[in-house]
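Colleague: Quick one: structure below, then a few questions.
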Amino acid sequence: MNLDVYWRYVQQKICSKCVDGDGIGNCRLSEREECALKTHFPQIIHTVLSVKSDTITPYITALRENICTVCIHQSKDGKCQVRASVDCGLDRYYPLVVAAIEEVKAEAA
Ligand code: SF4
Ligand code: SF4
């Protein structure tokens, strides 16, 4: 499945409702502030599709292990100030991101 298909669906489902978006799916954050959802999108797809669960917990564990550990915002002791201040769009909307990715996958099956 083409990454663009996933991205367009995520924009439609999440970015269009995000407090940092323009209401129609575009992000208003500057390049310097870029959302982890954008920065790590290919790895996020891979991470979500590697989990199969009816609960969100294993998806969150995979997010912390695969994305947050390589994100510039997380310190070596596992803390993230951006997450703590609810400023990470990926973390804030993660259950919706998981649902959107699983929906695209199911649609393609
Ligand atoms: S902050 Fe993240 S979730 Fe929000 S509009 Fe920008 S890319 Fe989408
Ligand atoms: S929660 Fe923090 S470490 Fe994880 S992706 Fe978001 S900004 Fe990066």
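Colleague: Would you check which residues across the range 1-31 are part of a helix (DSSP H, G or I) and surrounded by 11 or more Cβ atoms within 10 Å (Cβ to Cβ) and list them?
Modeller: Once the filter is applied, which keeps residues that are part of a helix (DSSP H, G or I) and surrounded by 11 or more Cβ atoms within 10 Å (Cβ to Cβ), the range 1-31 yields VAL5, TYR6, TRP7, ARG8, TYR9, VAL10, GLN11, GLN12, LYS13, CYS15, SER16, LYS17.
Colleague: Take the range 68-85 and flag every residue that is away from ligand 1 (no atom under 16 Å from the Cβ) and β-branched (Val, Ile, Thr).
Modeller: THR69, VAL70
Colleague: Collect the residues in the range 55-64 that are assigned to a loop (DSSP other than H, G, I, E, B) and either within 15 Å of the chain's Cα centre (by Cα) or of a type in the set (Asp, Glu) (or both), keeping them in residue-number order.
Modeller: ILE56 - this is the single residue of the range 55-64 that is assigned to a loop (DSSP other than H, G, I, E, B) and either within 15 Å of the chain's Cα centre (by Cα) or of a type in the set (Asp, Glu) (or both).
Colleague: Suppose we filter SER30, SER16 for residues that are more than 29 Å from ALA109 (Cβ to Cβ) and within 13 Å of ligand 1 (Cβ to nearest atom); which single one remains?
Modeller: Result of the check over SER30, SER16: SER30.
Colleague: When the range 74-88 is examined, which residues are found to be out of contact with any His (no Cβ under 9 Å at 6 or more places or on another chain) and either more than 8 Å from ligand 2 (Cβ to nearest atom) or β-branched (Val, Ile, Thr) (or both)?
Modeller: SER75, LYS76, ASP77, GLY78, LYS79, ALA84, SER85, VAL86, listed by residue number.
Every residue, every condition in (1) modelled with pLDDT under 95; (2) out of contact with any Pro (no Cβ under 9 Å at 6 or more places or on another chain); (3) of a type in the set (S, T, N, Q); (4) near ligand 1 (Cβ under 8 Å from one of its atoms), yes or no:
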site: ARG8; (1), (2), (3), (4): no, yes, no, no
site: ASN26; (1), (2), (3), (4): no, yes, yes, yes
site: PRO42; (1), (2), (3), (4): no, yes, no, no
site: THR57; (1), (2), (3), (4): no, yes, yes, no
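Colleague: Moving on to the next point. Under 8 Å between Cβ atoms, at least 6 apart or on separate chains: pull out the pairs that start in the range 57-76 with a residue that is in contact (Cβ under 8 Å) with a residue 12 or more places away in the chain and end on any residue that is of a type in the set (Lys, Arg).
Modeller: CYS68/ARG83; HIS73/ARG83
Colleague: For the range 32-54, give me each residue that is open to solvent by 20 Å² or more (accessible area, probe 1.4 Å) and in a helix (DSSP H, G or I).
Modeller: LYS38, THR39, PRO42, GLN43, HIS46, LEU49
Colleague: Here's a follow-up. Within the range 86-94, can one find any residue that is more than 16 Å from ligand 1 (Cβ to nearest atom) and aromatic (Phe, Trp, Tyr)?
Modeller: no
The values are calculated or read from the model by the stated rules, or taken from the named source; none is laboratory data. Everything numeric here is computed off the predicted structure, so don't read it as measured data. When we count neighbours, we look across all protein chains shown, and the Cβ atoms used for this are built from the backbone with ideal geometry, even at glycine. Protein only, heavy atoms only, side chains kept; ligands, DNA and RNA dropped before computing areas. Shrake-Rupley method; radii C 1.70, N 1.55, O 1.52, S 1.80 Å.
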